[in-house]
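The values are calculated or read from the model by the stated rules, or taken from the named source; none is laboratory data. Predicted, not measured: the structure shown is a model, and the values here were computed from it. Quick reminder, even Gly has a Cβ in these numbers, built from the backbone with ideal geometry, and neighbours come from all protein chains shown.
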Amino acid sequence: MAKKAARRKTTEPRFVFRGTIQKLNATTMSHVPSTSGLAVVSVDEVLHAPPALARTLGQSITVKLSKTSGVRVGQQLLFYANAWLMGDGVAVESVREQSAADTPKALAARGTEPTQNLANRDVENRYNNADLVVQGQVVSVDVPQVLRASHRAAIRAGVRSAVRTTGTTDDVRPVSEHDPKWRDATIEVAAVHKGQRGKRTIKVRFPSSTDVRWYRAPKFHPGDQGVWMLKKQHTEPVSAGALKKAQRTAVAAPATSTEEVFTALNPLDFHPSNHLDAVAPLLNKPQPNVG
């Protein structure tokens, strides 16, 4: 039986390919009825693809079209799609289609390995969306000052049952199934590749927890060297039921933070110095004179 492929709705489709319409209102999969909006498409060239779809070159697959008007048999199109169904065939859901003759130059100039093309695109997107890109070294890792202050205020407010310790008074935190165990890594900056210049050190807040919610986020330790692609944060991500109660009841409310910190929560946000191949071309891009 066909099963749904794990996928996320993304603004940028993960599977980009050129294909030729072979049949309309048809399917290659026995468990998918032939209905309007479906097409059998031969995959002529794979440009970007996750591993599961990278080997579809030369195959006929089922495509759920984003639109049917103007589509005809024999037409070659550029499809921007995501995985839809896997089983006795492959089916994808197209987000948009365009004439193959209108392939963007950026796509046409890519290399020939579609999975690497996709990986490069993902790294480039993280770089473009980062507020700050720096190269440097972790000099220390500590519990955030605001976290320690908030928990001390919670204890003073009488919510001792909502906190626990794990060996030191600096490691008091609210009980939570998905407690991130926030830590601050202080980065000594060697070079700023994007963003405000003149920073000697920055703080990168990261979850030290290996809980299922946080295990993919990079973990940092003193001595780590590399390139960070960072998002600026001005709000404090340490709220919990106990701390909210403390804020309502404490004579001295938990401290709030106005300090500038950054986060690197995606696996692609940190590239160690011995694995800079993916990010090296981006570091050479000219940057505007900021700061």
Here is a list: Val95, Val123. Which entry is outside any helix (DSSP H, G or I) and either touching a Ser or Thr at 6+ places or on another chain (Cβ under 7 Å) or at pLDDT 90 or above (or both)?
Val95
Hey, does region 81-97 have a residue that's over 17 Å from Glu12 (Cα atoms) and of a type in the set (Lys, Arg)?
no
Pick from Gly111, Gly136, Gly167, Gly158: which is modelled with pLDDT under 90 and within 30 Å of Asn284 (Cα to Cα)?
Gly111
Let me confirm something: among Leu78, Leu47, Leu65, Leu38, which residue is in contact with a helix residue (DSSP H, G or I) (Cβ under 6 Å, 6 or more places away or on another chain), at pLDDT 95 or above and buried (at least 20 other Cβ atoms within 10 Å of the Cβ)?
Leu78
Qualifying position, being modelled with pLDDT of 85 or more and farther than 16 Å from Leu132 by Cα, among Thr210, Thr235, Thr256:
Thr210
Exactly one condition in (1) surrounded by fewer than 21 Cβ atoms within 10 Å (Cβ to Cβ); (2) touching a residue at least 24 places away in the same chain (Cβ under 8 Å); (3) assigned to a loop (DSSP other than H, G, I, E, B) is false for Thr27; which is it?
(1)
